[in-house]
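The values are calculated or read from the model by the stated rules, or taken from the named source; none is laboratory data. Since we're looking at a predicted model, the values are computed, not measured. Backbone-built Cβ (ideal geometry, glycine too); neighbour counts: all protein chains shown.
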Amino acid sequence: MSTHRELIRRALGPRVQFVQGDDACAYGAVLAGCTFFAGYPITPATEVAERMAEILPRIGGCYIQMEDEIASMGALIGASWTGAKVMTSTSGPGFSLMQENLGYAIMTETPCVVVNVQRSGPSTGQPTMGGYGDMMQARWGTHGDHEIIMLCPASVQEALEMTIVAFNLSERLRTPVLVFIDGELGHMRERLVIPNDDEFELVERPRATDRATYRPFAPGPDLVPPFAPFGSGFRTFVTGLTHNEDGLPRASSAAIHDQLVRRLAAKITNHLDLITRYEEFYADDCEIAIVAYGITARTCRDVVEEARRRGIKAGLLRLISIWPFPEHIVARWAERVRAMLVPEMNLGQIVHPIREAVAGRCVVAPYARIGGELHSPAELLEALEGLQWQPA
Amino acid sequence: MATGLKIKTAAELRTSYLRQEMFPTIFCDGCGLGNVLNYTLWAIDDVGLDLDRTVFVSGIGCSSRLPGYIDADGLHTTHGRALAFASGIRAANPELTVIVFTGDGDGAGIGGNHLLHTIRRNMDMTVILVNNFTYGMTGGQAAPTTPDGGFSSTTPYGNIEHPLDICELAKALGAPYVARWPVVSPAQPVKSIAEGIRKRGFALIEMLTPCPTAYGRRNGLKEIEQIWRWYREHTVLLDEWEWVEQFGSPEERESLRGKMKIGVFQDIERETFEERWAALVAREKL
C-alpha cells in the first residue's frame, strides 16, 4: 500500500516539468494536501480545474464541477467543514460571482483557497488576455468589514510555492486565502521543479480535542478557534449571521457583532509576520524605486539593472503578499527613496494603498497599462529616467 | 415499508434532539414550521439516525432557521445556496447523512438552478422544502410559488405570474423520491420524511405550510384556524385527483381548480453521484 504522499508524487509525475502557471497552482494544491476541488470552467483559469480533475481521483480525492461559481464556492465551504483541504479556481466574472460566499467563508472561519487567473474586465472584457483588474475587488468585493489574505506570485515556480503557502495560511488562520495570477502567467510555460516533502512546510487547521469544553467560535490566544469537522460528534452550528462563541445567532447585539468582526480582522492583521512576503533589490542604495507585483514585476528586474548601468540609482520592491497590505515595508522604502514608480496592469489599484503608506514622503508615479500587453522594459526605463528629474 | 410511529411527546423530542438554549423559536403564531421540525424529528427517531453523523443544511429564510434548533452539526448558509453547500459535504464525505431545510423562495427561486443540478447529479440527501407561497421573513413578497392572483406586498394588485410546481420539476428531473404534503396532519409527512432519509439519492419532500402573518392576512386567511382549514380543503390526494380527472363529472373536475395535488409523486431507483464517484475512484486511483 502506498501512502497518500507517495500517491501524490506518482500522480504529479516527474520532478522537473515544463508547465503553465495554471498547472503549477494545481500541483501546489495537491502537494499542500488538497483533496477537494469544486469549480466551473472559465478562461484563462480552466487548466487549473482540468489538472485537478485528472489528479484528484488518482489520489482518492474528489473533483466536482458545479453549475456556476456561486455553487463552486458553496460546495467548497461545505467540503471544508468535513475537514478536507479545498480549492477552487476562476477568473474575473467568476470571482465576481463568488463574492457572497467568500464573505460567508470569512464570517464562518472556513479554510479554503481561491485561485483567480485574472483577465481584463469590466464584464466579459478580454477573456484570453492577462490583467490585474481584480486587485481591489479581492480586498473589498464581499460586503461588510473584513480582512483578506492575497498572494501574488510572479513565476510558474512561485505559483506552486504560493499555492502551498496559501493552504498553510488558510489552515493556520481558518480563513479564505486568494492566489492571484493572470492570464499571462497562467498560460506561460516555464521549468517547474516539484519540491520534495522536506522542502516545504505543511500546516493543518487547529483541531478541537475536548467535546465537553468545546465552544465552536471561542478563539485561542492567537484569535483562531479550534476546528471540529462535521461528523466528529462535536455538533457545531455554523451560520453567516452574527454569532456568539457557541456559534448561535445573536444578530441584534451590537457588542457581539463588534467583538466578532473585530476579532476576524485582528486574527489576520495580528499575523502579518506569517503572511507578509516580498523581495527587495538594491533596497539600501536606491533613489528611485519600482514597486510591482505579479507578472509585471518580472520586467522590472531587468529594467532596474539597465537603469543602474545608466547611472540611475534604481531599486525594486516586489510585493508577493498584497493583502493585508505590507504598509510597513512600503513606508520603510518611502523613507529612503525620492520616487516610486508603480507599474500595474490596471488603471491604478495598488497605487492607492502605496500612496497611503507613503503618506507624502516621496513621489508616487502610477504607470497604468491595460489591454492585455505587458509593460515593455523600454517604457519603464523611460519612466524611471523621467522620475530622476522630479523634485522630491 | 411501514414506519412504526413511536410518537414521542414534544417534551421528549425537545430533550432528545434540540438545542435548549435556542428556544423560544422565532416563528409566528400559526406558522407551520414548528410542525415541520416535529415531523422531521419523529422521522429521524423512526429511522434511528445518529445525529453525530448527520448534518442539517439550510439557506436563508424562515424555514432555513430550523437547523439552528437541532442539536447536531448545522450549516446555515447563504440565500438559495444550501444545496451547493450540501453537495460539497456529501461529495467530500459520503458517510455523513445530509438533511436540507429550505423554502420556496430559497430553494426554488434564488436557488432554482442549484435544485435542478443537484437533482441531475442525484446527490444523496433529503431536502425538506417548506412552501408557504411567499417570502415570509422579509414580510410577504411574491415568490415563484405565489398562486395565480395571490396578493403580496409586491403584488398588491394580484400576482400575474404562473406559479412553479416544484414537485413536477423534481419528478421530471428524475429525483428518486418526490412527495408533497400539507403540514396540517402529521402521519404522511413523517412517513415521507423517513422514506426520504432512507432513500438512496435525492429525496424532495415539499411541505405546504401556512404563513398567516405574511401571506394569509393579505389573502383572506388571517385567522390561524381558518388558514389551517384552507390547507385541508385545498389539497387533494394524488389517487383521488387522477380519478376525478379521468372519471369525474364536469363539476367534480371543476372543483380541482385552485387546489393542490398531494402524495408521493415519484419513488424510483437511480445511481447517485457518490456511488458513481466512488466507482470512478476505485477504477482510477493509483
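For the range A:318-366, a residue qualifies if it is under 18 Å from the mean Cα position of the chain (by Cα), in a strand (DSSP E or B) and either among the aliphatic types (A, V, I, L, M) or surrounded by 22 or more Cβ atoms within 10 Å (Cβ to Cβ) (or both), and the qualifying residues are A:319, A:321, A:322, A:323, A:344.
Whether a residue is buried (at least 22 other Cβ atoms within 10 Å of the Cβ), in contact with a strand residue (DSSP E or B) (Cβ under 7 Å, 6 or more places away or on another chain) and within 12 Å of chain A (Cβ to nearest Cβ) was assessed, and residue B:69 passes this test.
For the range A:1-20, a residue qualifies if it is closer than 20 Å to residue A:47 by Cα and not basic (Lys, Arg), and the qualifying residues are A:8, A:11, A:12, A:13, A:14, A:16, A:17, A:18, A:19, A:20.
I need the full set of residues from the range A:117-163 which are in contact with a Ser or Thr (Cβ under 7 Å, 6 or more places away or on another chain), in a strand (DSSP E or B) and farther than 27 Å from residue A:260 by Cβ, in order please. Those that are in contact with a Ser or Thr (Cβ under 7 Å, 6 or more places away or on another chain), in a strand (DSSP E or B) and farther than 27 Å from residue A:260 by Cβ: A:117, A:118, A:119, A:126, A:127, A:128, A:129.
Looking only at the range A:19-57, which residues are within 14 Å of chain B (Cβ to nearest Cβ), among the β-branched types (Val, Ile, Thr) and in contact (Cβ under 8 Å) with a residue 40 or more places away in the chain? Scanning the range A:19-57 gives A:35, A:55. I'd like to check something: does the range A:360-367 contain any residue that is at positive phi and out of contact with any Phe, Trp or Tyr (no Cβ under 6 Å at 6 or more places or on another chain)? So far as the range A:360-367 goes, yes, one or more of its residues are at positive phi and out of contact with any Phe, Trp or Tyr (no Cβ under 6 Å at 6 or more places or on another chain). When the criteria are applied in full, residue B:101 fails the requirement of being farther than 22 Å from residue B:194 by Cβ, among the hydrophobic types (A, V, I, L, M, F, W, C) and buried (at least 24 other Cβ atoms within 10 Å of the Cβ).
Considering only the range B:246-286, state which residues are away from chain A (no Cβ under 14 Å), surrounded by 12 or more Cβ atoms within 10 Å (Cβ to Cβ) and not in a strand (DSSP E or B). If the condition is that a residue be away from chain A (no Cβ under 14 Å), surrounded by 12 or more Cβ atoms within 10 Å (Cβ to Cβ) and not in a strand (DSSP E or B), then B:248, B:252, B:253, B:255, B:256, B:259, B:268, B:270, B:271 are the ones that fit.
The criterion of at least 2 residues that are surrounded by fewer than 17 Cβ atoms within 10 Å (Cβ to Cβ) and not basic (Lys, Arg) is met, among strands (runs of 3 or more DSSP E) falling completely within the range A:221-308, by A:278-281.
Applying the criterion of being touching a residue at least 12 places away in the same chain (Cβ under 8 Å), farther than 19 Å from residue A:168 by Cα and of a type in the set (D, E, K, R) to the residues of the range A:199-220, the residue that is surrounded by the most Cβ atoms within 10 Å (Cβ to Cβ) is A:215. Of all the numbered requirements in (1) in a strand (DSSP E or B); (2) within 19 Å of residue B:80 (Cβ to Cβ); (3) more than 14 Å from every other protein chain (Cβ to nearest Cβ), residue B:180 misses one, and that requirement is (2). Restricting attention to the range A:5-30, the residues that are within 17 Å of the chain's Cα centre (by Cα) and either hydrophobic (A, V, I, L, M, F, W, C) or not assigned by TED's automatic domain parsing to the domain that holds residue A:49 (or both) add up to 5. Restricting attention to the range A:225-235 and to residues that are facing chain B (nearest Cβ under 7 Å) and without any contact (Cβ under 8 Å) to a residue 40 or more places away in the chain, the residue that is nearest to the chain's Cα centre (by Cα) turns out to be A:235. Within the range A:46-69, can you find the residues that are farther than 20 Å from residue A:6 by Cβ and either over 19 Å from the mean Cα position of the chain (by Cα) or not in a helix (DSSP H, G or I) (or both)? Passing the criteria: A:50, A:53, A:63, A:64, A:65, A:66, A:67, A:68. The set of residues in the range B:137-163 being among the hydrophobic types (A, V, I, L, M, F, W, C) and in contact (Cβ under 8 Å) with a residue 60 or more places away in the chain consists of B:137, B:151.
Scanning the range A:236-278 for residues that are touching a strand residue (DSSP E or B) at 6+ places or on another chain (Cβ under 9 Å), within 13 Å of chain B (Cβ to nearest Cβ) and touching a residue at least 12 places away in the same chain (Cβ under 8 Å) gives A:236, A:237, A:238, A:239, A:240, A:242, A:243, A:246, A:247.
Residues that are touching a helix residue (DSSP H, G or I) at 6+ places or on another chain (Cβ under 6 Å) and not hydrophobic (A, V, I, L, M, F, W, C) were ranked within the range A:86-117; the one that is surrounded by the most Cβ atoms within 10 Å (Cβ to Cβ) is A:89. The set of residues in the range A:374-390 being touching a residue at least 12 places away in the same chain (Cβ under 8 Å), in a loop (DSSP other than H, G, I, E, B) and not polar (S, T, N, Q) consists of A:374, A:375.
Would you be able to say whether some residue in the range A:74-88 is farther than 24 Å from residue A:220 by Cβ, more than 14 Å from chain B (Cβ to nearest Cβ) and part of a strand (DSSP E or B)? For the range A:74-88, residues farther than 24 Å from residue A:220 by Cβ, more than 14 Å from chain B (Cβ to nearest Cβ) and part of a strand (DSSP E or B): absent. Selection of first residues in the range B:78-98 that are facing chain A (nearest Cβ under 8 Å) and under 10 Å from residue B:57 (Cβ atoms) and of second residues that are surrounded by fewer than 24 Cβ atoms within 10 Å (Cβ to Cβ) and of a type in the set (Lys, Arg), restricted to Cβ pairs under 8 Å at least 6 apart or on distinct chains, gives the following pairs, ordered by first then second residue: B:87/B:121. Checking the stated criteria, residue B:60 turns out not to satisfy the condition of being under 30 Å from residue B:276 (Cβ atoms), within 9 Å of another protein chain (Cβ to nearest Cβ) and not in a strand (DSSP E or B). For the range B:63-96, a residue qualifies if it is closer than 16 Å to residue B:33 by Cβ and assigned to a strand (DSSP E or B), and the qualifying residues are B:70, B:74, B:76. Listed by first and then second residue, the pairs with beta-carbon distance under 8 Å, at least 6 apart or on different chains, first residue in the range B:9-33 and within 14 Å of chain A (Cβ to nearest Cβ), second assigned to a strand (DSSP E or B) and aromatic (Phe, Trp, Tyr), are B:19/A:237.
Taking the range A:203-219 as the range and being under 24 Å from residue A:262 (Cβ atoms) and within 25 Å of the chain's Cα centre (by Cα) as the test, the residues that pass are A:205, A:206, A:217, A:219. Only one entry of A:190, A:184, A:171 meets the criterion of being outside the structural domain of residue A:350 (by TED's automatic domain parsing), surrounded by fewer than 19 Cβ atoms within 10 Å (Cβ to Cβ) and either touching a residue at least 60 places away in the same chain (Cβ under 8 Å) or part of a helix (DSSP H, G or I) (or both), and that entry is A:190.
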